[in-house]
Each structure stands twice: as C-alpha cells, then as structure tokens.
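The values are calculated or read from the model by the stated rules, or taken from the named source; none is laboratory data. Model, not experiment: these values are computed from the prediction. Quick reminder, even Gly has a Cβ in these numbers, built from the backbone with ideal geometry, and neighbours come from all protein chains shown. Protein only, heavy atoms only, side chains kept; ligands, DNA and RNA dropped before computing areas. Shrake-Rupley method; radii C 1.70, N 1.55, O 1.52, S 1.80 Å.
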Amino acid sequence: MFTQLDAALDNLTVPLTYDALRGVFVRRDRLDAIASGAFGDYCAAGFHQSDGATSAANWLMHETGMSGRQARVNALAVTRCRELPHLRDAWQAGRVSSGQVGIVMAHVTAASLAAFAEAEAALIPTLEALDGHDTERVMTHFAHCARADGTQPKERPGTLHHNELSDGTWTATAHYDAYGGLVIHDALAVAKAVDRRVGDEHDLRTAAQAAHDASVAVHQFYLDHHDLRLPRRNVPHVTLVLTADQMMASRPTADAGTHVPPTSTTVEQILCDCEITRAVMDARGQIIDYGRSTRVISKGLRRAITARDCHCRYPGCDRPASWCEVHHAILWTNDGPTCPSNLVLLCSRHHHQLHQPGWTATLDPDATLHVTRPTGHHQTTRPPGTLSNTT
C-alpha cells in the first residue's frame with residue numbers, strides 16, 4: 001500500500017490550475033480523515049499506550065512532530081469524530097474539509113456532543129455546501145443554541161497552556177473564568193501602575209509588550225515574597241529490615257510499605273529514588289537498632305541530574321522534572337552505582353514501565369538513553385541542549 005502511494009506521490013505533478021489545486025487539497029483532506037479514523041481505532045484499542053505514550057496527544061507530538069497544542073486539538077477531534085459517524089463519513093468522502101472539521105470541533109464541547117450527534121444527520125448536508133466562514137457562522141449559532149438549551153456549561157472552566165518554544169521563548173494560551181479574569185486584570189493594572197515606564201514618552205513598547213512585562217512582574221513578585229518551601233514531592237520511604245545474621249551477611253529485606261513482594265517491579269522502582277532506614281531485629285523479632293534515614297539520591301545529585309535532563313527522558317515525554325523520579329539504569333538492587341552516568345530522570349509512569357519485564361534501558365557515558373521495548377523496537381534520546389534525535 002505505502003509503496004504504491006509513495007510512487008504515486010513521487011510522480012505527481014500538480015498543474016497550476018484551479019481544478020488541480022482544489023483536487024489536491026480535497027484528496028489531502030480525505031487522507032487526513034482516513035488517518036484520523038485509523039488513529040482513533042488505534043487509541044481505542046490501547047495500542048498507543050503499548051508504544052509508551054501517556055495519551056493520544058503525547059503519541060502525536062512524538063510521532064508526527066506536532067506542537068503540544070496541535071496534538072491536543074487533533075487528539076480531541078479524533079476522539080469526538082468516533083461519536084459523529086455522519087461527519088466522519090462526509091470527511092472521508094471529501095464532502096467536508098479538514099478545516100471545516102476543525103471548526104466543528106472548536107464549537108462542539110463534551111457537554112454539547114450529544115446534541116450535535118442528534119442534529120448531524122440534518123446538519124452535515126448543509127455544511128457540505130459552505131466555505132469556512134459560513135461554517136464558522138453556523139457552528140457559532142449551534143453553540144449559542146446549545147447554551148440556551150442548557151446542554152453545555154454557561155461558563156467554560158479556566159485553562160492555561162504555557163509552553164517553551166525551540167528558541168527558548170515561551171507561548172501562552174489562556175482562557176480565564178470570570179473570577180480568574182478579574183484577578184488577573186486587577187493584578188496587571190497594579191503592576192502597570194507601579195511601572196515607571198508606563199506613560200513615559202520614551203517608552204516605545206506596545207500595549208501588548210507592556211502587558212507582558214506587567215505579567216512577568218506579578219509572577220516575579222510572588223516568587224520573591226512567598227514563604228513556602230518548594231521541594232519536589234515527597235520521596236518514598238523504605239525500611240531495610242534485617243536480622244543480626246542478615247546484617248552480617250548483607251542480605252536485607254526491603255519493606256516499601258506497599259504490600260507487594262520485595263522482588264516486584266514496584267519495589268525496584270521505589271528503591272531507585274527513596275529514603276532508606278535500616279532496622280535490625282533480634283531472633284525474637286524485636287528491633288535492636290533503627291538507623292538514620294538516608295537518601296539514595298542526595299539533593300545535590302538530584303539537582304545535577306535535573307539540570308542535565310530538565311524533564312522525563314523517555315522518548316517523546318516532556319513531563320517536568322518536578323513530576324519525575326531518578327532511575328538507576330543499572331538497578332540499585334543490582335549494585336548499580338548512584339552517579340550521574342547511571343542516573344536519568346523519568347516520570348512515574350515511564351519509570352514504572354521500564355521496570356516491567358521485557359523493557360530495558362541503558363545509559364551511555366554522554367547520557368544518551370537507549371530504550372528497548374518488549375517488541376524489540378529501539379529508541380534513543382539525548383539530554384536537552386545536545387544534538388538530539390530519536391530512533
């Protein structure tokens with residue numbers, strides 16, 4: 001199939017005519033629809049999770065190069081199109097475009113999905129004859145009617161997406177609820193009022209640039225004046241329980257307080273990054289020595305690993321360091337050294353996954369992480385800031 005498709009694309013020359021250009025876009029949209037439907041079935045079967053993806057959007061980000069926002073929008077469309085057979089069929093047949101489907105998805109919420117599903121049989125033929133502008137107008141009317149019927153919340157919950165770009169700058173997309181919007185508005189007004197540059201004839205900033213600076217000032221003020229200690233989440237605590245004889249033979253038993261056998265993957269994961277206390281017992285089971293709690297990963301060492309890795313190093317995952325644990329590539333239980341050349345940041349999900357049977361992870365001296373799935377599929381990632389790739 002792909003050989004024939006590649007050959008057709010290699011030999012395709014598009015004449016510079018209206019019909020040819022429109023025909024190419026129509027067929028591109030049909031291919032989008034086919035891919036979306038197949039991906040929806042793939043995710044519904046849970047295959048994306050077998051690939052190590054935390055969500056459909058995460059899979060799209062890693063495998064297709066989409067931005068986080070694009071991936072979330074596309075993943076949502078894939079999910080909702082499975083509930084809208086008339087829209088899906090019209091998209092695959094080329095009667096509605098990918099752009100129109102995007103407009104529909106932007107106006108159909110989880111609460112109004114059922115209402116649209118009831119109306120789609122009559123509504124889709126109308127959309128087929130419309131351009132993007134008129135499709136937007138129709139869907140805006142639908143959203144208004146859905147609100148009037150009480151089929152969707154009167155007020156959308158507040159959301160904020162704040163993402164770093166490849167050049168080191170950041171982009172933010174926000175929707176504030178009524179209360180949140182007032183708080184932000186008033187805070188920015190105060191920040192602008194104390195900004196001596198505002199109103200100065202030499203201040204060449206646009207209104208948007210001044211609002212940006214005010215927002216940074218608000219957040220900086222909070223960071224400078226809060227009285228909270230902000231460590232990462234508490235590390236698990238493990239007690240090594242030994243008899244006097246076991247202590248001499250160095251054969252401790254790990255009690256992670258998890259009601260699971262010491263040989264389980266869960267305990268292996270916990271032992272990678274935890275606090276350990278030694279408990280020595282006599283023959284009658286009485287504790288005769290209770291040692292001091294000691295971190296497997298010191299705070300300084302964790303800071304060094306965080307500075308190098310920045311986020312979860314599993315291929316395609318960008319969960320922040322505050323969500324991550326430190327994994328021993330050579331297991332701590334197998335005498336793996338606790339040093340940077342054997343340590344890597346992993347979010348809890350991927351940390352647990354790499355401790356499952358059939359999964360392997362190795363770390364090169366330059367911190368290149370190699371992950372091999374039970375299927376034999378191999379991927380690599382390098383620390384951010386280095387020449388990175390995945391295979």
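(1) open to solvent by less than 10 Å² (accessible area, probe 1.4 Å); (2) modelled with pLDDT of 85 or more: which one isn't true of Cys347, the others all being true?
Status for Cys347: all satisfied but (2).
Of the residues Thr338, Thr333, Thr391, which is surrounded by 13 or more Cβ atoms within 10 Å (Cβ to Cβ), assigned to a loop (DSSP other than H, G, I, E, B) and at pLDDT below 90?
Details: Thr333 fails: assigned to a loop (DSSP other than H, G, I, E, B); Thr391 fails: surrounded by 13 or more Cβ atoms within 10 Å (Cβ to Cβ).
Within the list Thr338, Thr333, Thr391, the selection yields Thr338.
So which of Val198, Val194, Val183 ends up being touching a Lys or Arg at 6+ places or on another chain (Cβ under 6 Å), among the β-branched types (Val, Ile, Thr) and without any contact (Cβ under 8 Å) to a residue 24 or more places away in the chain? I'd like the intermediate steps shown before the answer.
Numbers: Val194 fails: touching a Lys or Arg at 6+ places or on another chain (Cβ under 6 Å); Val183 fails: touching a Lys or Arg at 6+ places or on another chain (Cβ under 6 Å).
Being touching a Lys or Arg at 6+ places or on another chain (Cβ under 6 Å), among the β-branched types (Val, Ile, Thr) and without any contact (Cβ under 8 Å) to a residue 24 or more places away in the chain holds for just one of Val198, Val194, Val183, which is Val198.
For the stretch 305-316, enumerate the residues that are at pLDDT 85 or above and open to solvent by less than 50 Å² (accessible area, probe 1.4 Å). Spell out the reasoning first.
So in the stretch 305-316, the residues at pLDDT 85 or above come out as 305-315.
The answer is Ile305, Thr306, Asp309, Cys312, Arg313, Tyr314, Pro315.
Would the stretch 136-143 turn up any residue that is buried (at least 19 other Cβ atoms within 10 Å of the Cβ), among the hydroxyl-bearing types (Ser, Thr, Tyr) and at pLDDT 85 or above?
Looking for residues that are buried (at least 19 other Cβ atoms within 10 Å of the Cβ), among the hydroxyl-bearing types (Ser, Thr, Tyr) and at pLDDT 85 or above, one finds none in the stretch 136-143, hence no.
Filter the stretch 353-367 down to residues that are surrounded by fewer than 17 Cβ atoms within 10 Å (Cβ to Cβ) and not in a strand (DSSP E or B) and give me whichever is farthest from the chain's Cα centre (by Cα). Spell out how you get there, then give the answer.
Filtering the stretch 353-367 down to residues surrounded by fewer than 17 Cβ atoms within 10 Å (Cβ to Cβ) leaves 356-360, 362, 364-366.
Those still in the list that are not in a strand (DSSP E or B) too: 356-359, 364-366.
On the way: Gln356: 21, Pro357: 25, Gly358: 24, Trp359: 21, Asp364: 26, Pro365: 28, Asp366: 26 Å.
Result: Pro365.
Which of the residues that make up the stretch 60-85 are under 22 Å from Leu5 (Cβ atoms) and not hydroxyl-bearing (Ser, Thr, Tyr)? Working first, answer last.
Step one: list which residues in the stretch 60-85 are under 22 Å from Leu5 (Cβ atoms), which gives 60, 63-66, 74, 78.
Passing the criteria: Leu60, Glu63, Gly65, Met66, Asn74, Val78.
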